[in-house]
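The values are calculated or read from the model by the stated rules, or taken from the named source; none is laboratory data. In this text, all values refer to a predicted model and were calculated from it rather than measured experimentally. When we count neighbours, we look across all protein chains shown, and the Cβ atoms used for this are built from the backbone with ideal geometry, even at glycine.
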Amino acid sequence: MWEVDPETKSKLALLQKRPGNSTCIDCSAPSPQWASPKFGTFICLTCAGLHRGLGVHISFVRSIQMDSFKPLELSRMDLGGNIAWREFWEGKSGQSWGRPGEGADGAAQGRLEERYGGDVGRSGEGEVGV
Ligand SMILES: [Zn+2]
């Protein structure tokens, strides 16, 4: 384990205060403590578990308290954010965002897989933010 850069930590704390970032993008739970740097989004513990289940080819998660972020990941969090990703996804897919984190784990995971692993998710990678 390495020490978490205090600058990274305070930057993430600031980003978390931005509109949209104070609730989980996937299920709207308050004060999400995890992030999916690939999409620049803040997510809760439960959804972080679901993201992990999707596999790293689709998403990976970092704890905003305990993990280090690479500079690129941090700038994705900065330039992206929950609202940016949601608007991007809705614009591309023509669907409303909804709350796919709700419901039984299996069903929620399937919806997340569609959301992040589908065409829109793949096109969003690298396009939102950086
Ligand atoms: Zn959540």
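Values computed for the structure shown
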quantity	calculated
Breaking point among (1) in contact (Cβ under 8 Å) with a residue 12 or more places away in the chain; (2) within 10 Å of the ligand (Cβ to nearest atom), for Gly49	(1)
Leading residue by the ranking (farthest from the ligand (Cβ to nearest atom)) among those in the stretch 1-43 that are more than 16 Å from Trp85 (Cα to Cα) and among the hydrophobic types (A, V, I, L, M, F, W, C)	Trp2
Test: residue in the stretch 108-127 that is at pLDDT 80 or above, of a type in the set (Phe, Trp, Tyr), closer than 21 Å to Gln16 by Cβ and over 12 Å from the mean Cα position of the chain (by Cα)	no
Neighbours by Cβ (under 6 Å, 6+ apart or cross-chain): first from the stretch 9-28, closer than 17 Å to Leu72 by Cα; second in a helix (DSSP H, G or I)	Leu15/Met77
